[in-house]
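A.B. asks: Got a structure for you, questions after.
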């Protein structure tokens, strides 16, 4: 049973999470893995706890809004 862990910034909409979970599941289904065997875990991390290029994402991407 595949378990996929998706890390992303906090604040993404419930609708966007549903689409991510569904899309990942469909990929495994195309590979012949039963839909009910696929688990997807979405882990939301605050931007201030995510570093990119030596600085917090909260500073580097101030203008980026989650879908």
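A.B. asks: Please go through the range 25-47 and pick out each residue that is closer than 28 Å to residue 60 by Cα and part of a helix (DSSP H, G or I).
C.D. replies: Selection gives 47 alone.
A.B. asks: Among the residues of the range 8-22, are any on the phi < 0 side of the Ramachandran plot, surrounded by 10 or more Cβ atoms within 10 Å (Cβ to Cβ), part of a strand (DSSP E or B) and touching a strand residue (DSSP E or B) at 6+ places or on another chain (Cβ under 9 Å)? Walk me through how you get there before you give the answer.
C.D. replies: Step one: of the range 8-22, the residues on the phi < 0 side of the Ramachandran plot are 8-10, 12-22.
Imposing the further condition that a residue be surrounded by 10 or more Cβ atoms within 10 Å (Cβ to Cβ) reduces the set to 8-10, 12-13, 16-22.
From the residues that got through so far, the ones that are part of a strand (DSSP E or B) too are 8-9.
Applying the additional criterion that residues be touching a strand residue (DSSP E or B) at 6+ places or on another chain (Cβ under 9 Å) yields 8-9.
For the range 8-22, residues on the phi < 0 side of the Ramachandran plot, surrounded by 10 or more Cβ atoms within 10 Å (Cβ to Cβ), part of a strand (DSSP E or B) and touching a strand residue (DSSP E or B) at 6+ places or on another chain (Cβ under 9 Å): present.
A.B. asks: Within the range 23-39, is even one residue within 16 Å of residue 11 (Cβ to Cβ), in contact (Cβ under 8 Å) with a residue 12 or more places away in the chain, surrounded by 12 or more Cβ atoms within 10 Å (Cβ to Cβ) and touching a strand residue (DSSP E or B) at 6+ places or on another chain (Cβ under 7 Å)?
C.D. replies: Just the residues of the range 23-39 that are within 16 Å of residue 11 (Cβ to Cβ), to begin with: none.
No: the range 23-39 contains no residue that is within 16 Å of residue 11 (Cβ to Cβ), in contact (Cβ under 8 Å) with a residue 12 or more places away in the chain, surrounded by 12 or more Cβ atoms within 10 Å (Cβ to Cβ) and touching a strand residue (DSSP E or B) at 6+ places or on another chain (Cβ under 7 Å).
A.B. asks: Within the range 40-67, can you find the residues that are within 17 Å of residue 23 (Cβ to Cβ) and surrounded by 13 or more Cβ atoms within 10 Å (Cβ to Cβ)?
C.D. replies: Within the range 40-67, 40, 42 qualify.
Only the coordinates and a few stated rules stand behind these numbers; no lab work does. Source: prediction; values computed, not measured. Positions of Cβ are backbone-derived with ideal geometry, glycine not excepted, and every protein chain shown enters the neighbour counts.
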